[in-house]
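For reference, the structure discussed in these notes is given below.
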Amino acid sequence: MPRKFVLQINGSERTTTTDDDRPLLDVLREDFQLTGAKYGCGEGACGACTVLVGGQPTRSCITRVADAEGQSIQTIEGLATEGRLHAVQQAFLDHQAMQCGYCVPGHIMTAVAFTQQNPGASREQIVAAMSEHLCRCCNYPNLLAAVTSAVARP
Amino acid sequence: MTDQPFDARHAEFERYELRESPPYVFAADRREFVQLLGAGLVILVAAKPAAGQRRGNAPARREESLSQRFHLGEDGVITVLTSKVEVGQGARTQITQAASEELNLPTERIRVIMADTEQCPDDGGTAGSRTTPSTVPRVRSAAATARDVLIRLAAEHLGVERTEIKFEDGVFRAASGKDASLAQLAADPNLQSRFASQTWRDGVEVTPVNEWRVLGASVPHVRGRDTVTGRVLYPSDIVRPGMLYGKVLRPPSYGATLTSIDLAPAQAMPNVIVVRDGEFIGCAAPTTWEANQARTALAQHAQWDRPRHPSSANLFEHLKETSEPSRDGGRDGRTWGDSASTLARLEKKLSTAYTVAYIQHAPMEPRAAVAEWTEGKLTVWTGTQQPSRVHSELCQSFRLPQDRVRVIVPDTGGGFGGKHTGEVAVEAARLARSAHRPVRLQWTREEEFTWAYFRPAGLIEVQAGVDANGAIAAWDFTNYNSGGSAIDTPYQTAAGRTRFIAANSPLRQGSYRALASTANTFARESAMDELAALAQVDPLEFRLQHLEEGRLKNVLRAAAQKFDWARRRSNRRATRGVGLACGTEKGSYVAACVEVEVNDDAIRVLQVCQAYECGAIQNPANLRAQVEGCIIMGLGGALYEAIEFEDGQISNASFSEYRTPRMSDVPELDIVLLDRKDLPSVGAGETPIIAVAPAIANAIDHAVGVRSRSMPLRLS
């Protein structure tokens, strides 16, 4: 049965009425028009839907909205502050880590958490973390360069 | 082969493109039907499809006025209009550069509106690497003409001769110091009439390559900032007031026909609209969640008849058995000398077959569309490479005259040749018509993997041999099903025959980045190494001996030199090997050298060194990204990707089961871009994919003495 949810999204309280089992991705995109997180596979395999829940990169397409309740949810729309890009966004821009760009918000959200949690990470660590995401344009060299520079200057 | 510019006659212009009717043709409802008859439009509707059947890549060659191509805004920003779409290949930035160069305006003052059938002149679809050689020159000629019109108008404003005007940074200055801005000209009512009456022709004087300032530079992605902030709205992000979310009921297998269905359980769900129209059954609801539940209810109460369908296990036998030499033998066929009798007397010869699996584009954004009906007029936002064709499919499906349908293509999440059709647009529009509200429909990944189309599978047979001097004396090359792109060999051969033969494809197939040139280059370049072995000549040397001087030979030498081929080929290390391949397609030239490591059953590509030449380079950074993207995407087709099917179902219709390249698969990349400022620029989004697989196959043979003749490559 649908019930009321109060969600903490990008620092604000947002309410919606829906079922416990509905994917967080659909709630973000359809109830709040936060369309930066994308549908790519529906099984948590490609990473296009990645947002931060409680600071952790989370595949919102396989996360029940009920499981995100009470935790802080951060999406790509909440990263830049007062028109200033987050350092990871800036690194993606500087290194042109985008072709069609559809996978980019998901990549950025994982990279934001990764750079915070792994300052000075090695190339192998970066590749291992970012290989959980797919980019079908295969712009991986630029994506790697962007995350490498963000790790060096968090 | 000489350094001649690209001859368009050698391109296979998407001949392998799908040529199908729209997925559904709906009965006009009674009210519309009466209106059509009453208005005498039936004849118009019947007569119009001829225009809709125009091939997607052949733009209408009509005279075009500047006002169809440009709008000058009162903010001093010039809007450029084109029917091309942005799917990640960089066309938006490149067209911005072209206009900026010729208008002498900074890129920030150029805005590009792409692929709106109501606003944009028809430059054709986005395919065949045609934006660079065809659209960019058109935009440049138009922009150069527009600049001249603007300068003349500014001269009138300032009361001076036009030769006195200097135009820089959006300001027209007379020698006296008086000036006029673009914004001022925009407010002049004369401008619109001048733009409307001024036509332009190809061949207008444009900035010579050696004076380029904006073209030729690594201008970054013009929507970069919006991309990293999540603000780019892709087709699946479009929201319209009161919009619902749709789902379509799919058959459980290919060719299945519905025998019965009970719609009632889905119809009983709150907020759900169920639509049945002939073969089409779908639903719409205020959320995807509710629409999904309704579709599940529909599927649970549907009965189907499922016909037999071939399996991927016997695919290549099936293709050969169903091939029709009489149907296609002539079109791509070429015969020179008498290869059959030459082969009969040669001692050093081979007779082999190569196979290429079906693979899928799997763009990150599955097909999506938002459809809205307003007073009998249909507007659809959708991700397609062929807006004009989708427009025509919508007109046919709903029996609408052309001016009642508008297709808008927002920048789209990947294409790779896979989004040439309008199924999702037609489906969204059908749902929206019954719902009386806008509907967004996005296919699931499983739907995309099942109901979109595939790169054709193929079987390629090669019989060839070398004479006592090590020269190729006979070359017989037959491609079953996968296509005729790049089927001609660039090598000198005394006698030969090349043929493409169509077959009965068990899966729906169509364009894919570089079309069949990947398959044909794989077979040819693998066979070249096999012949070089028979002739006991180094593979590089063997190719150079059979090539005329020219662009292909140049990239082959460039790659080999950068890779240090001679040394690395002769100093083989245990389990490691090096291989090379080269080819040409769509007027550009590529050569790749690779190093692989083979341990047990695992093939690891350690390095790819690729040289590429596509005429004068228009954006080096984007070119590099396209070349790297092609190489890495090519690793997928070379090593992992193969669509499997059985009983009419795809067995690996998900990203967890269909392996595509990841960052951890990326080898060391060495890219050599040859900038030929003396040659016209051609498109670069496809050809850099074609040499990857055969170079790897040749390196595997060098490493462990195993000749793999299938894509994806297998060791046993």
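Below is a table of values for the structure above.
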quantity: Residues of type lysines that B:K247 reaches as a straight line, Cα spacing below 24 Å, ignoring anything fewer than 8 places off in the same chain; calculated: A:K38, B:K377, B:K419
quantity: Principal semi-axes in Å for the stretch A:87-152 [√(5λ), Cα gyration tensor, largest first]; calculated: 17, 12, 10
quantity: Total formal charge among the other residues, if their Cβ is under 12 angstrom from that of A:C61, Lys/Arg +1 and Asp/Glu -1; calculated: +4
quantity: Mean accessible surface per residue for the stretch B:64-228, computed with a 1.4 Å probe while every protein chain stays in place, in Å²; calculated: 39
quantity: Qualifying trypsin sites (Lys or Arg not before Pro) for the stretch B:287-378 [loop in DSSP, other Cβ within 10 Å: at most 10]; calculated: B:R308
quantity: Interface residues in the stretch B:218-260 - accessible area drops by 30 Å² or more relative to the isolated chain, probe 1.4 Å; calculated: B:H221, B:R225, B:T227, B:V228, B:T229, B:G230, B:Y234, B:D237, B:V239, B:Y245
quantity: Two-decimal Rg to Rh for chain A - Kirkwood Rh, Cα set; calculated: 0.97
quantity: Fraction of beta bridges assigned by DSSP in chain B that are antiparallel (%, nearest 5); calculated: 75
quantity: Test item: Cα-centred dipole of the stretch B:126-195, Lys/Arg +1 and Asp/Glu -1 on Cβ, debye; calculated: 340
quantity: For chain B, Kirkwood radius (reciprocal of mean inverse C-alpha pair distance, Å); calculated: 27.5
quantity: Environment charge at A:Y102 (Cβ cut-off 15 Å; Lys +1, Arg +1, Asp -1, Glu -1); calculated: +3
quantity: Contour excess over end-to-end distance, with Cα ends at B:T575 and B:E161 and 0.36 nm allotted per residue; calculated: 141.6 nm
quantity: Accessible surface buried once A binds B (1.4 Å probe; total of both sides; Å²); calculated: 4200
quantity: Inverse mean reciprocal Cα-Cα distance (Kirkwood Rh) of the stretch A:3-78, Å; calculated: 11.9
quantity: Sum of -39500 (n - 2.57) over DSSP H runs of 4+, divided by residues of chain B (222 nm, nearest 500); calculated: -9000 deg cm²/dmol
quantity: Potential lengthening between B:Q300 and B:A533 on full extension [0.36 nm per residue; Cα-Cα distance subtracted]; calculated: 77.9 nm
quantity: 1.4 Å probe, heavy atoms, protein only - residues of the stretch A:115-154 losing at least 40 Å² accessible area vs chain alone; calculated: A:S131, A:L134, A:R136, A:C137, A:C138, A:Y140, A:P141
quantity: Descending semi-axes in whole angstrom, ellipsoid equivalent of the protein assembly as shown, from the Cα gyration tensor; calculated: 41, 36, 30
quantity: Theoretical FRET efficiency, 1/(1+(r/R0)^6), r = Cβ-Cβ of B:Q198 and B:R231, R0 45 Å, to 0.05; calculated: 0.80
quantity: Among A:A45, A:G70, A:T18 the positive-end extreme of the charge dipole of the stretch A:3-78 (Cβ point charges); calculated: A:A45
quantity: Cut-off 13 Å between beta-carbons: net charge of the residues surrounding B:G636, Lys and Arg +1, Asp and Glu -1; calculated: +3
quantity: Dipole magnitude (debye, nearest 20) for chain B, charges at Cβ of Lys, Arg, Asp, Glu; calculated: 500
quantity: Members of the stretch B:434-458 that become less accessible by 10 Å² or more once partner protein chains are added (1.4 angstrom probe, chain alone as reference); calculated: B:R440, B:Q442, B:T444, B:R445
quantity: Spin-label pair B:A175/B:A471, simplified geometry with 7 Å Cα→Cβ offset, distance in nm; calculated: 6.8
quantity: Surface per residue (accessible, 1.4 Å probe) for chain A, Å²; calculated: 37
quantity: Calculated log₁₀ intensity ratio I(q)/I(0) where the Debye formula runs over C-alpha points of the stretch B:64-228, q = 0.19 Å⁻¹; calculated: -1.26
quantity: Alpha-carbon centroid distance for the pair the stretch B:666-708 / the stretch B:194-217, whole angstrom; calculated: 33
quantity: Antiparallel DSSP beta bridges within the protein assembly as shown, percent to nearest 5; calculated: 75
quantity: FRET E, pair B:R707, B:K677, Förster distance 41 Å, beta-carbon r, rounded to 0.05; calculated: 0.50
quantity: Net dipole in debye of the protein assembly as shown [+1 Lys, Arg Cβ; -1 Asp, Glu Cβ; about Cα centre; nearest 20]; calculated: 560
quantity: Efficiency of FRET between B:N314 and B:R714 - r from beta-carbon atoms, R0 22 angstrom, step 0.05; calculated: 0.85
quantity: Protein accessible area in the protein assembly as shown, 1.4 Å probe - carbon and sulfur %; calculated: 47
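The values are calculated or read from the model by the stated rules, or taken from the named source; none is laboratory data. Keep in mind that what you see is a predicted model, and the values were worked out from it rather than measured. Positions of Cβ are generated from backbone atoms using ideal geometry, with glycine treated the same way; all protein chains shown enter the neighbour counts. The accessibility values were calculated without ligands, DNA or RNA, using every heavy atom of the protein model including side chains. Shrake-Rupley method; radii C 1.70, N 1.55, O 1.52, S 1.80 Å.
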